[in-house]
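**Student:** Below you will find the structure I want to go over with you.
The values are calculated or read from the model by the stated rules, or taken from the named source; none is laboratory data. Computed from a prediction, not measured in an experiment: that's the story for all the values here. Positions of Cβ are generated from backbone atoms using ideal geometry, with glycine treated the same way; all protein chains shown enter the neighbour counts. For accessibility, only protein heavy atoms count, side chains too; no ligands or nucleic acids. Shrake-Rupley method; radii C 1.70, N 1.55, O 1.52, S 1.80 Å.
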Amino acid sequence: MKVVGIIAEYNPFHRGHEYQIRYAKETLGADYVVIAMSGDFVQRGAPALMEKHVRAEMALLGGADLVLEMPLQTATASAEGFAAGGVSLLDGLGVIDELCFGSECGDTEILMDVAEILVKEPSEYRNLLQQNLRAGMSFPAARSSALIGYIQEKIASGLNTLGTSSEHIELVLSSPNNILGIEYCKTLLRLNSRIIPHALLRKGSGYHDTDFSLLSDEKFPSASGIRNLMKKSEKAGQSADFSRLIPSASISGFLDSLEKGAWLSDSALDLPLHYKLLLESEETLQMYPDLSDALIRRILKSRNQYEGFSQFADLLKTRDITRSAICRSLVRIFLNQKTKAPGHIPYARVLGFRKSSAPLLSQIKKNSSIPLITKAADASSILDENALQLFHETCEASNLYEMLLCHKTGLSFIHEMKKPLRII
């Protein structure tokens, strides 16, 4: 059998995601598509739009065969940590043949070439990176500038092996999905994985585009645009038409959540985060991973000006601390998450699967180097101490998400351990 893996958030699952799964099956020839998906909190530093089991079911109805949950620590990490965790999870299954990911350039070779430079870190590149960091650049900006400078030096000396210009590389490095694709490739190289990367040209709206009037069968919406449309519709007290944005096979769960108000934006964190920040001190903030001394000082200095999650993130932003990094840090504080993102994911938790994927599950059980968890209650008997800590922190975060959701909707609270798999 041929198995293709996809690393995703599905925040929410939309027509572009359905297209990617269909592409994996029809063009890449996949018998099965396995999704490594973020849980109830996502990489940009926010609660997921909808609960993870709802999103998993939408993906299964949209063509996926198996949906696995990425641990919280990976799902809320930087692009590098997110990619490393997702690839590690899929690699650990022992059955994935290709990794299919969307990118703005759709050029797997270029992304792999750039990834190789970043993995090998030649001295010329490393020197440029350190110069940029000392100049006060944020790490993403410093790395991008160092790469471009390194390639320009190679072109000038006639030793460029990328087969492209520095201007093209600069364009590649300016797009979020290309950057994430490079991180996937880096992890594959570091793991010496048998998984082959495949960059799929992204067709659709810009990342933050909310104008869907020009959408066609070949142009897909952005998840960010859909989230913004939901916020605008709720604020205006009007309903919006999502039928052109969400696949018809998956839309029922989406509309059901919409009708119940069972979805969250970062504003759900406004009050509980403020309470949590008031309890923190310099000593306790230093216990959170990836919180710099500079950001700790800004949090403590500015917390009396706190009005809400988004406003506070804007207030904390500086030239050398990106807003997304700040949001991830604030989410970690809210969740009391003090465990670093692991480079190796030590288990695979199943959120849902298709009944027809029984042969796939059988092959995973034979070939996987990590345990497959289909029942949350079994985790304590099959995971070691470190893996169990990751699992419990992920479950605790989901319970907090459920608390926020129930507070908004008035629905009854369901503990994470009692939530059933979604089986299609």
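**Student:** Say whether the condition of being charged (D, E, K, R), modelled with pLDDT under 95 and open to solvent by 80 Å² or more (accessible area, probe 1.4 Å) is met by at least one residue in the stretch 171-194.
**Tutor:** For the stretch 171-194, residues charged (D, E, K, R), modelled with pLDDT under 95 and open to solvent by 80 Å² or more (accessible area, probe 1.4 Å): absent.
**Student:** Related question: Output the residues belonging to the stretch 336-350 that are surrounded by fewer than 22 Cβ atoms within 10 Å (Cβ to Cβ) and hydrophobic (A, V, I, L, M, F, W, C).
**Tutor:** Scanning the stretch 336-350 gives a single hit, VAL350.
**Student:** Among the numbered criteria (1) surrounded by 15 or more Cβ atoms within 10 Å (Cβ to Cβ); (2) of a type in the set (Ser, Thr, Tyr); (3) over 23 Å from the mean Cα position of the chain (by Cα); (4) within 24 Å of LEU411 (Cβ to Cβ), which one does TYR275 miss?
**Tutor:** Against the list (1) surrounded by 15 or more Cβ atoms within 10 Å (Cβ to Cβ); (2) of a type in the set (Ser, Thr, Tyr); (3) over 23 Å from the mean Cα position of the chain (by Cα); (4) within 24 Å of LEU411 (Cβ to Cβ), TYR275 comes up short only on (1).
**Student:** From the list ARG55, ARG22, which residue is under 21 Å from ARG422 (Cα atoms), touching a Phe, Trp or Tyr at 6+ places or on another chain (Cβ under 9 Å) and not aliphatic (A, V, I, L, M)?
**Tutor:** After applying the criteria, what remains is ARG55.
**Student:** Given (1) part of a loop (DSSP other than H, G, I, E, B); (2) closer than 30 Å to ALA142 by Cβ, where does SER329 come up short, assuming only one miss?
**Tutor:** With (1) part of a loop (DSSP other than H, G, I, E, B); (2) closer than 30 Å to ALA142 by Cβ applied to SER329, the lone miss is (1).
**Student:** So LEU89 clears everything in (1) surrounded by fewer than 18 Cβ atoms within 10 Å (Cβ to Cβ); (2) under 29 Å from GLU9 (Cβ atoms) except one condition, right? Which one?
**Tutor:** (1)
**Student:** Got at least one residue in the stretch 64-83 being within 18 Å of ASN177 (Cα to Cα), β-branched (Val, Ile, Thr), open to solvent by 30 Å² or more (accessible area, probe 1.4 Å) and in contact with a helix residue (DSSP H, G or I) (Cβ under 9 Å, 6 or more places away or on another chain)? It would help to see each step written out before you state the result.
**Tutor:** Within the stretch 64-83, the first condition is being within 18 Å of ASN177 (Cα to Cα), and the residues that meet it are 74-83.
Next, from what is left, pick out any that are β-branched (Val, Ile, Thr): 74, 76.
Those still in the list that are open to solvent by 30 Å² or more (accessible area, probe 1.4 Å) too: none.
No, there is no match, as no residue in the stretch 64-83 is within 18 Å of ASN177 (Cα to Cα), β-branched (Val, Ile, Thr), open to solvent by 30 Å² or more (accessible area, probe 1.4 Å) and in contact with a helix residue (DSSP H, G or I) (Cβ under 9 Å, 6 or more places away or on another chain).
**Student:** Still on this model: Among the listed residues GLY106, GLY102, GLY94, which satisfies the condition of being of a type outside the set (A, V, I, L, M, F, W, C), assigned to a loop (DSSP other than H, G, I, E, B) and farther than 29 Å from CYS395 by Cβ?
**Tutor:** Step by step, each of GLY106, GLY102, GLY94 is checked, and only GLY106 is of a type outside the set (A, V, I, L, M, F, W, C), assigned to a loop (DSSP other than H, G, I, E, B) and farther than 29 Å from CYS395 by Cβ.
**Student:** Output the qualifying pairs, or none if there are none: Cβ atoms under 6 angstrom, residues six or more apart or on different chains, first residue in the stretch 346-370 and basic (Lys, Arg), second residue open to solvent by 10 Å² or more (accessible area, probe 1.4 Å).
**Tutor:** ARG354/ILE424
For (1) touching a residue at least 40 places away in the same chain (Cβ under 8 Å); (2) part of a helix (DSSP H, G or I); (3) under 26 Å from LEU404 (Cα atoms), each residue gets a yes or a no:
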| residue | (1), (2), (3) |
| --- | --- |
| GLY39 | yes, no, yes |
| HIS53 | yes, yes, yes |
| MET58 | yes, yes, yes |
| ALA64 | yes, no, no |
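**Student:** Right, another one. Given the criteria open to solvent by less than 40 Å² (accessible area, probe 1.4 Å), among the acidic types (Asp, Glu) and out of contact with any strand residue (DSSP E or B) (no Cβ under 8 Å at 6 or more places or on another chain), does GLU393 qualify?
**Tutor:** Answer is yes for this residue.
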